[in-house]
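Before any comments, here is the structure.
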Amino acid sequence: MERGHYSPMDQDAFGSTEQPFALVPDPKYFYRSASHGSVFDQLHEAVRRRDGFVVVTGDVGSGKTIVARAVLEQVDRKTFTSVVLDPPSSEDDLLRAMLQDFGLASRDELKRGRLAHAASSELLSTLENFLTSLHSLGASALLVIDEAQELPLETLDRISALSGPVGSREKVLQIVLVGQPILKELLKSPLVRELDGRITTRLELKPLTAEETSEYVSHRMMVAGVGPAVDFTPAAFTAVHRYSGGAPRLINLLCEGAMTSVKGQGVDSITPQVIDSAAARLELRQTVAPSSSQWVRRPAVLVAAGVILATSIVAAYVSLGNRDTESSRAAASPPPASRPAPATTSPAQPPVTTASAPQAATAAAPVTATSGATFSVLVASFRQPSEAAALMNELRERGLPVREVRVVQSPRGVWHQVLVGPYPDAAAAARGQERVRQIRGYEDAHVVPG
């Protein structure tokens, strides 16, 4: 397919009331590329067979969530589903989310009722009783955890036991873990060896080819019911693939940006030059290979990024290594500028840039994800660079090796992160973490790679 027609959400200008390239993962727009179609079929079959554990991995923006949602639309009425889009930081919070999704408790009851302050054992017992009751009904339960690399290993290890005894033919509770490629490394840990042995199906999404990229664009426009007001030239499709590397999310961003730029200008053809301009606004560079490690993405290009998300891997290892002394991680939203934000990571944060001193985010240079051999401790994040500088001085006075301040641009604004380190290995970083956590107000400090 060489040409495709597009129309953004402006019926007067382009004849469509839908936005074909919205970032919301709507199953209606699911496109069956060779990889996406294969993963969909295998995941659907695994759910039908009631396999215990399934793992689906893919790069940032590769279409993992839309594949999972498309499969969920096909489950039968005897399958109760729980979909966790933002993995909680504790086992209790995950159990509460499951109880609510399965209809065992209302949101109000979990917040203010009997289960608001229930112990882990009570939450677990409630869930186990529900799962047991499904046997007589011939029913099952399905738990899908998106961005699963954010889930602490300790929580995964405990939840895995709910799927039933190892070796049982059918599982009452199926668990599908959806995450970035680093999830595969996380599951290799000897700390979750039993969990890894329960995984029956491992699937991986690949980027779209050049031909699939043009078909993908045309498919989304067709589903949206657009008119022939504007079309893409074959060379424009090629440019879209070169900039996106075949990643659906980047394709959406590029096409939406290109169409927005020509709307109202009387342009009836999207050319490579229009794509070049859209890519420049998104601060993307062309890539030869479709691997996400070769994309050059600056802040605000994607709503999620592997650099920040990968920090959960190290934090999980440290958490399990210090299981007896670990305190609960806070999951509160960022506080006002006068107080440090908790040193937690968010799946909504884009890549970070580093600076030797606090500076404006506009001066930050683009970076790509790297796999360093060292570790640091993320202490806190501040709105104001002066507050970050004050904490750096305090940490130095306490004899801690202050490393740097990272400038992070997120949907909530610019944050200045203070780090301690670097440390040569995770064990040394864990000791540094404990020293920092002894300082009042910084109990949420945690280890990050690099």
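The values are calculated or read from the model by the stated rules, or taken from the named source; none is laboratory data. In this text the structure is predicted, and so the values were computed from the model without any measurement. Neighbour counts run over all protein chains shown; Cβ positions are idealised from the backbone, glycine included. To get the accessible areas, we keep the full protein, side chains included, count just its heavy atoms, and leave off ligands, DNA and RNA. Shrake-Rupley method; radii C 1.70, N 1.55, O 1.52, S 1.80 Å.
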Residues of the range 111-120 that turn out to be under 10 Å from residue 99 (Cβ atoms) and open to solvent by 50 Å² or more (accessible area, probe 1.4 Å), as a count: 0
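Quick check: is even one residue across the range 401-415 open to solvent by 40 Å² or more (accessible area, probe 1.4 Å), basic (Lys, Arg), more than 19 Å from residue 89 (Cβ to Cβ) and at pLDDT 85 or above?
To start, the set of residues in the range 401-415 that are open to solvent by 40 Å² or more (accessible area, probe 1.4 Å) comprises 401, 403, 409, 411-412, 414.
Of the ones still in play, those that are also basic (Lys, Arg) are 403, 412.
Those left that are additionally more than 19 Å from residue 89 (Cβ to Cβ): 403.
When the remaining residues are screened for being at pLDDT 85 or above, the result is none.
So far as the range 401-415 goes, no, none of its residues is open to solvent by 40 Å² or more (accessible area, probe 1.4 Å), basic (Lys, Arg), more than 19 Å from residue 89 (Cβ to Cβ) and at pLDDT 85 or above.
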Working carefully through the options 274, 240, 267, 262, find the one that is over 20 Å from the mean Cα position of the chain (by Cα) and either surrounded by fewer than 16 Cβ atoms within 10 Å (Cβ to Cβ) or at positive phi (or both). 267
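One line per residue, one yes/no per condition, for (1) farther than 26 Å from residue 182 by Cα; (2) touching a strand residue (DSSP E or B) at 6+ places or on another chain (Cβ under 7 Å); (3) of a type in the set (Lys, Arg):
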position: 66; (1), (2), (3): no, no, no
position: 81; (1), (2), (3): no, yes, no
position: 98; (1), (2), (3): no, yes, no
position: 111; (1), (2), (3): yes, no, yes
position: 114; (1), (2), (3): yes, no, yes
Members of the range 71-80 that are without any contact (Cβ under 8 Å) to a residue 60 or more places away in the chain, open to solvent by 10 Å² or more (accessible area, probe 1.4 Å) and in contact with a helix residue (DSSP H, G or I) (Cβ under 7 Å, 6 or more places away or on another chain): 73, 74
Cβ-Cβ under 7 Å pairs, at least 6 apart or on other chains, the range 21-46 side closer than 17 Å to residue 255 by Cα and open to solvent by 60 Å² or more (accessible area, probe 1.4 Å), far side part of a helix (DSSP H, G or I) and not basic (Lys, Arg): 23/252
Reported set for the range 121-140 where residues are open to solvent by 80 Å² or more (accessible area, probe 1.4 Å) and either touching a residue at least 60 places away in the same chain (Cβ under 8 Å) or charged (D, E, K, R) (or both) is 128
Out of (1) farther than 30 Å from residue 205 by Cβ; (2) modelled with pLDDT under 90; (3) outside any helix (DSSP H, G or I), the odd one out for residue 103 is which? (2)
Would you mind finding the one in 108, 59, 93 that is open to solvent by 60 Å² or more (accessible area, probe 1.4 Å) and either within 20 Å of the chain's Cα centre (by Cα) or among the small types (Gly, Ala, Ser) (or both)? 93
Quick check on the range 219-232. Is at least one of its residues within 19 Å of residue 262 (Cα to Cα), in contact with a Lys or Arg (Cβ under 7 Å, 6 or more places away or on another chain) and not aliphatic (A, V, I, L, M)? yes
Considering the range 277-291, residues that are open to solvent by 50 Å² or more (accessible area, probe 1.4 Å) and not basic (Lys, Arg), and then whichever is modelled with the lowest pLDDT, we arrive at 290
Restricted to the range 211-233, and to residues that are modelled with pLDDT of 95 or more and surrounded by fewer than 22 Cβ atoms within 10 Å (Cβ to Cβ), which residue is nearest to residue 270 (Cα to Cα)? 215
Could you look through the range 179-210, keep only residues that are within 20 Å of residue 154 (Cα to Cα) and open to solvent by less than 10 Å² (accessible area, probe 1.4 Å), and pick out the one that is modelled with the highest pLDDT? 179
Being of a type in the set (A, V, I, L, M) and in a helix (DSSP H, G or I) is the filter; apply it to the range 126-145 and report the residue that is farthest from residue 159 (Cα to Cα). 137
Flag for residue 163 being open to solvent by less than 10 Å² (accessible area, probe 1.4 Å), out of contact with any helix residue (DSSP H, G or I) (no Cβ under 6 Å at 6 or more places or on another chain) and small (Gly, Ala, Ser): yes
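So if I check each of 51, 86, which one is in contact (Cβ under 8 Å) with a residue 12 or more places away in the chain and open to solvent by 60 Å² or more (accessible area, probe 1.4 Å)? Let's see the steps before the verdict.
Numbers: 51 fails: open to solvent by 60 Å² or more (accessible area, probe 1.4 Å).
Sole residue among the options that is in contact (Cβ under 8 Å) with a residue 12 or more places away in the chain and open to solvent by 60 Å² or more (accessible area, probe 1.4 Å): 86.
Say we look at the range 72-96 and pick out the residues that are part of a loop (DSSP other than H, G, I, E, B) and among the aliphatic types (A, V, I, L, M); which of these is nearest to residue 142 (Cα to Cα)?
Quick first cut of the range 72-96, residues part of a loop (DSSP other than H, G, I, E, B) only: 73-78, 85-90.
Those still in the list that are among the aliphatic types (A, V, I, L, M) too: 75, 85.
Details: 75: 9, 85: 14 Å.
Across the range 72-96, the extreme among qualifying residues is 75.
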Residue count, the range 135-145, condition under 18 Å from residue 53 (Cα atoms) and over 28 Å from the mean Cα position of the chain (by Cα), comes to 1
